[in-house]
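*Asks:* Pasting in a structure now, in structure tokens, and then I'll have a few things to ask.
The values are calculated or read from the model by the stated rules, or taken from the named source; none is laboratory data. For clarity, every value in this text was computed on a predicted model and none was experimentally measured. Cβ coordinates were reconstructed from backbone atoms using ideal geometry, including for glycine residues, and neighbour counts include every protein chain displayed. Side chains included, ligands, DNA and RNA excluded: accessible areas come from the protein's heavy atoms. Shrake-Rupley method; radii C 1.70, N 1.55, O 1.52, S 1.80 Å.
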Amino acid sequence: MSVHFLNIFLIIAAVVSGASLLYCLLCIWAGSRLASQRRRAAPRGNELPPVSVLKPLKGTDPEMYASLRSHCVQNYPEVEILFGVSRADDPAIPLIEKLIAEFPHRPIRLVRCESDLGANGKVSSLAQLAAVAAHDFFLVNDSDIRVEPDYLRTVITELQVPGTGLVTCIYRGVPAATLGSRLESLGISTDFAAGVLAARQIEGGIRFGLGSTLAFRRRELQAIGGFEAIVDYLADDYELGRRIAQGNLQVTLSESVVETYLPVYSLSEFFSHQLRWARTIRASRPGGYAGLLFTFTLPWAVLMLVLAHGALWAWFFFAAAGVARFAMAAVTARVVLRDGTFWRWSWLLPLRDFLALLVWMGGLAGRKIIWRGEEFVLKNGKLTRGS
């Protein structure tokens with residue numbers, strides 16, 4: 001390869017590395033600002049309307065009983081919890097029956113969601129749960145989410161701020177004792193959450209929801225056509241938040257941080273899970289997917305160092321990029337998410353970042369995904385079963 005082309009590649013790598021360094025600084029600022037806003041949070045009001053918690057289930061997750069139970073011990077006056085299953089032999093059913101027995105005075109119901117309304121079985125169940133829900137304030141989150149006792153009180157109070165249409169939460173991952181699971185947890189705390197905070201800062205708020213928490217009113221759901229309108233989308237949480245935001249309502253990032261207990265991922269399972277979400281992002285937000293290129297700070301810094309043949313200026317830039325990346329990770333994981341496992345596994349961050357670049361490249365091609373044991377084809381964000 002000629003010197004001319006090598007110089008062009010070096011310039012490109014330097015420009016993208018500089019942009020990636022600025023991205024790290026943006027995330028540090030966004031995380032610090034969110035932490036500061038939490039400390040200045042206004043006192044909470046006393047009006048707490050009754051809430052229906054909608055929990056679609058399929059199979060079991062790690063630590064699932066404790067996670068579901070955390071919703072039954074909320075410091076909240078009136079809440080019903082509806083669990084939806086689509087099959088009579090779902091292994092989650094005995095756990096729900098155990099919850100009902102443990103909390104006989106709580107309005108907990110197991111709902112058979114037998115209608116197949118679309119490709120996304122979770123959203124199909126949600127539509128059927130919403131139809132039988134007693135209250136007009138809804139809260140939806142994934143089956144592996146564990147919450148603190150004041151979670152509902154915090155989220156529903158935030159939902160009542162004028163102009164707010166949906167409240168969502170960032171989350172931290174609690175890893176199992178495998179490398180794949182630890183890499184997944186590290187990615188959630190240092191990459192995914194950082195991206196949410198950066199989007200919030202750039203756009204003056206977020207315009208999407210996260211499956212860890214979706215709190216909204218029945219009227220906002222009806223205004224977008226109900227769950228039926230998004231029943232064929234894989235990224236249903238993103239679609240719900242986007243469509244509510246289009247109604248000139250705010251999507252608020254809650255003060256509350258929740259937890260997800262991660263499966264015992266092998267490296268191949270970790271890669272497969274990451275690839276599914278990469279293809280989901282590419283299908284839902286192609287522009288945002290292209291923008292992810294600017295978030296690979298360490299790989300770009302290494303490439304620039306190689307192309308510069310180890311020049312002194314490149315070493316200085318490499319050191320600055322490394323410091324910025326680790327500072328960004330620390331602020332997001334420790335200050336924002338309060339992730340107690342970060343320092344223990346922070347040495348894996350370079351490996352995780354290089355694997356993330358491989359995942360991104362893998363996500364550029366292919367439309368097939370495996371989700372909850374079923375094979376789907378993904379096109380324009382929508383799912384179709386089969387090949």
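*Asks:* Given the criteria within 30 Å of R352 (Cβ to Cβ), modelled with pLDDT under 95 and part of a helix (DSSP H, G or I), does Y265 qualify?
*Replies:* On the way: within 30 Å of R352 (Cβ to Cβ): yes; modelled with pLDDT under 95: yes; part of a helix (DSSP H, G or I): no.
For Y265, the condition - within 30 Å of R352 (Cβ to Cβ), modelled with pLDDT under 95 and part of a helix (DSSP H, G or I) - is not met.
*Asks:* Oh, and also: On the given criteria, is S284 hydroxyl-bearing (S, T, Y), in contact with a helix residue (DSSP H, G or I) (Cβ under 7 Å, 6 or more places away or on another chain) and at pLDDT below 90?
*Replies:* On the way: hydroxyl-bearing (S, T, Y): yes; in contact with a helix residue (DSSP H, G or I) (Cβ under 7 Å, 6 or more places away or on another chain): yes; at pLDDT below 90: yes.
For S284, the condition - hydroxyl-bearing (S, T, Y), in contact with a helix residue (DSSP H, G or I) (Cβ under 7 Å, 6 or more places away or on another chain) and at pLDDT below 90 - is met.
*Asks:* Take the residues in the stretch 329-340 that are of a type outside the set (G, A, S) and in contact with a Leu (Cβ under 8 Å, 6 or more places away or on another chain); name whichever of them is nearest to V257 (Cα to Cα). Before the answer, list the steps.
*Replies:* Step one: list which residues in the stretch 329-340 are of a type outside the set (G, A, S), which gives 331-332, 334-339.
Remaining after also requiring in contact with a Leu (Cβ under 8 Å, 6 or more places away or on another chain): 332, 336.
Numbers: T332: 12, V336: 9 Å.
Checking each candidate, the answer is V336.
*Asks:* Checking L152 against (1) touching a Phe, Trp or Tyr at 6+ places or on another chain (Cβ under 6 Å); (2) closer than 27 Å to L26 by Cα; (3) crowded, with 23+ Cβ neighbours inside 10 Å, only one condition comes out false. Which one?
*Replies:* With respect to (1) touching a Phe, Trp or Tyr at 6+ places or on another chain (Cβ under 6 Å); (2) closer than 27 Å to L26 by Cα; (3) crowded, with 23+ Cβ neighbours inside 10 Å, L152 is out only on (2).
*Asks:* Sticking with this one: Residue pairs, Cβ under 9 Å, 6 or more apart or interchain, first in the stretch 243-255 and within 13 Å of Q160 (Cβ to Cβ) and open to solvent by less than 10 Å² (accessible area, probe 1.4 Å), second assigned to a helix (DSSP H, G or I) and charged (D, E, K, R). List them.
*Replies:* Qualifying pairs under 9 Å: S254/E158.
*Asks:* Residues that are of a type in the set (S, T, N, Q): which helices (runs of 4 or more DSSP H) entirely in the stretch 162-230 hold 2 or more of them? First the steps, then the outcome.
*Replies:* Details: elements: 179-187, 193-202, 218-223.
By residue number, 179-187.
*Asks:* Pull up the stretch 99-149, narrow it to residues that are free of Cβ contacts under 8 Å to residues at least 24 places away in the same chain and of a type in the set (A, V, I, L, M), then point me to the one that is farthest from D236 (Cα to Cα). Give the steps one after another, and end with the answer.
*Replies:* Residues of the stretch 99-149 that are free of Cβ contacts under 8 Å to residues at least 24 places away in the same chain, as a first pass: 100-101, 104-105, 115, 131.
Going one step further and asking which of them are of a type in the set (A, V, I, L, M), we end up with 100-101, 131.
Values: I100: 28, A101: 32, A131: 18 Å.
Restricting to residues being free of Cβ contacts under 8 Å to residues at least 24 places away in the same chain and of a type in the set (A, V, I, L, M), the top hit is A101.
*Asks:* Next question. Does the stretch 328-337 contain any residue that is of a type in the set (D, E, K, R), modelled with pLDDT of 90 or more and either more than 14 Å from T190 (Cα to Cα) or under 19 Å from the mean Cα position of the chain (by Cα) (or both)? Break it down stepwise before answering.
*Replies:* Step one: of the stretch 328-337, the residues of a type in the set (D, E, K, R) are 334.
If we keep only those that are modelled with pLDDT of 90 or more as well, we get 334.
Now restrict to residues that are either more than 14 Å from T190 (Cα to Cα) or under 19 Å from the mean Cα position of the chain (by Cα) (or both): 334.
There is at least one residue in the stretch 328-337 that is of a type in the set (D, E, K, R), modelled with pLDDT of 90 or more and either more than 14 Å from T190 (Cα to Cα) or under 19 Å from the mean Cα position of the chain (by Cα) (or both).
*Asks:* If you don't mind, another one. Only residues that are within 14 Å of V16 (Cβ to Cβ) and surrounded by 18 or more Cβ atoms within 10 Å (Cβ to Cβ): list them for the stretch 282-298, please.
*Replies:* Of the residues in the stretch 282-298, the ones within 14 Å of V16 (Cβ to Cβ) are 290-298.
Correct list: L292, T295, F296, T297, L298.
*Asks:* Only one of (1) within 30 Å of L25 (Cβ to Cβ); (2) open to solvent by 10 Å² or more (accessible area, probe 1.4 Å); (3) of a type in the set (S, T, Y) is not met by T213, so which one is it?
*Replies:* Unmet condition: (2).
*Asks:* Which ranges mark the helices (runs of 4 or more DSSP H) fully within the stretch 286-373 that have 2 or more residues being touching a Phe, Trp or Tyr at 6+ places or on another chain (Cβ under 7 Å) and without any contact (Cβ under 8 Å) to a residue 60 or more places away in the chain?
*Replies:* So the answer is 297-307.
*Asks:* So, restricting to strands (runs of 3 or more DSSP E) that lie completely within the stretch 42-146, which ones have at least 3 residues that are of a type outside the set (A, V, I, L, M, F, W, C) and touching a strand residue (DSSP E or B) at 6+ places or on another chain (Cβ under 8 Å)?
*Replies:* 51-56
*Asks:* Taking the stretch 346-387 as the search range and keeping residues that are modelled with pLDDT under 75 and within 22 Å of P175 (Cα to Cα), which one is least open to solvent (accessible area, probe 1.4 Å)?
*Replies:* By that ranking, first place goes to W371.
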